[in-house]
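Taking it in order: structure first as structure tokens, then the write-up.
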Amino acid sequence: MKKILMILCAIISLAKAQEAINLYQDSIPNATDKAQASLEKNRPQLFIYTPDQNIAKNIAVLVIPGGGYAHIAMDHEGHAVAKELVSNGYAAYVLQYRLPSPNIMRDKSIGPLQDAQRAIQLIRESNPKFKKVGVIGFSAGGHLASTLMTKFKNAYISNPAHISLRPDFAGLIYPVISMQNDVTHKGSKMNLLGENPSEGLVQLFSSDLQVSPEVCPAFFVHAKDDTAVPIENSYRMMAALDKVHVPNKLYVFDQGGHGFGLINKTSEKKWFDAFLSWLSDLH
């Protein structure tokens, strides 16, 4: 009986209720005047999951759900992932970012990236003892994670203390990478960049074209039969990383389509276990 109680206490401790905090305490960067006037409606947030101290690895992971930049799949690509991370000793932060819209942003193309950079900044500000701070993103959230990877040298937010905005590692799960028509997810591209973006803007937000030797290592998950976001997105990013000798790994499924989250029902294999193993090898 005593052993059962101990196990129950451990489970309860691991599954601590998350705390929600606002990314910005005052004004929100790049927000329209109308959006500033209704802050509570448009305020992006972080949901914090903290592991039990007995298993804590002192490593944080920013979790970015997808949704085609039209909505946010907060549950199966956000909170569910955070719970798995925290049960394995990682601190997890689920990002509820602003969806790109001219109604609330002066420049909608950089709005989500500003929130992702602010999240990394806030995690490092509030917990300077973290050994590493990484990111895992799904679908359009994978695109956001990849822009966080590649654009860390350009602060799209105020950063007077020069806190590093570079993630130390990235998980890119069936990610949108390219904004080029032959491979992109059209909905994500239109929602982020508009109906007729310039070629310069397309290149700027095609992460495979923005890779430098300083970007972090990456772990990819993709199904070969993904028709929403073709696996070519992952292949292009991996080729770009290989070219500058940045470590990367692909966990590929023959089937599964798109948006399966933690569990690909077509396979008994669990990609998340492979991701944790890869992550463990990094540190």
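Here, each number is a calculation from the coordinates, and none is a lab measurement. Just so we're clear, the structure is a prediction, and the values are computed from it rather than from any experiment. When we count neighbours, we look across all protein chains shown, and the Cβ atoms used for this are built from the backbone with ideal geometry, even at glycine.
Ranked by the mean number of other Cβ atoms within 10 Å of their residues, highest first, the peptides 252-261, 57-66 come out as 57-66, 252-261.
Using +1 at the Cβ of each Lys and Arg and -1 at the Cβ of each Asp and Glu in region 2-282, identify which of ILE263, GLY137, GLN45 lies farthest towards the dipole's positive end. Checking the options against the dipole of region 2-282, the answer is GLN45. Near PHE152, no amide H atom lies under 5 Å from its own; only residues 5 or more places off or on other chains count, and H is placed 1.01 Å from N. Placing unit charges on each Cβ (+1 for Lys and Arg, -1 for Asp and Glu) gives the chain a dipole about its Cα centre, and among GLN203, GLY187, ALA31 the Cα reaching farthest toward its positive end belongs to ALA31. Diagonalising the gyration tensor over the Cα atoms of region 106-152 and scaling each eigenvalue by 5 before taking the square root yields semi-axes of 20, 13, 8 Å, largest first.
Charge dipole of region 2-282 (Cα centre as origin; +1 on each Lys and Arg Cβ, -1 on each Asp and Glu Cβ, all else neutral): 640 debye, rounded to the nearest 20.
When +1 charges are put on Lys and Arg Cβ atoms and -1 charges on Asp and Glu Cβ atoms, the dipole computed for region 136-283 relative to its Cα centre reaches about 200 debye.
Mean-square fluctuation check for the chain, GNM, Cα pairs under 10 Å: which of ALA116, ALA91, ALA140 is largest? Largest GNM mean-square fluctuation: ALA91. Each Lys and Arg contributes +1 and each Asp and Glu -1, all at the Cβ; summed about the Cα centre of region 24-163, the dipole is approximately 360 debye.
Among the GluC sites (Glu not before Pro) in region 202-283, those placed in a DSSP loop whose Cβ has at most 12 other Cβ atoms within 10 Å are GLU214, GLU268.
When the Gaussian network model of the chain links Cα atoms closer than 10 Å, the mean-square fluctuations of ALA170, ALA73, ALA82 top out at ALA73. Most simply put, region 2-282 has about 30% antiparallel DSSP beta bridges, counting only bridges with both residues inside it. Summarising the label geometry, the points placed 7 Å from Cα in the beta-carbon direction at GLU199 and LYS269 lie 4.0 nm from one another. Distance between the pseudo-spin-label points of GLU232 and SER277 (7 Å out from Cα toward the beta carbon): 3.1 nm. Think of it as helices only: each DSSP H run of n ≥ 4 in the chain is worth -39500 (n - 2.57), and spread over all residues that comes to -9500 deg cm²/dmol at 222 nm.
Lys pairs in region 126-257, Cα-Cα under 25 Å, at least 8 apart or on separate chains: how many? Close lysine pairs found across region 126-257: 20.
May I ask for the net charge around ALA31, where only other residues with Cβ less than 10 Å from the Cβ of ALA31 are counted and Lys, Arg are +1 while Asp, Glu are -1? That works out to +3.
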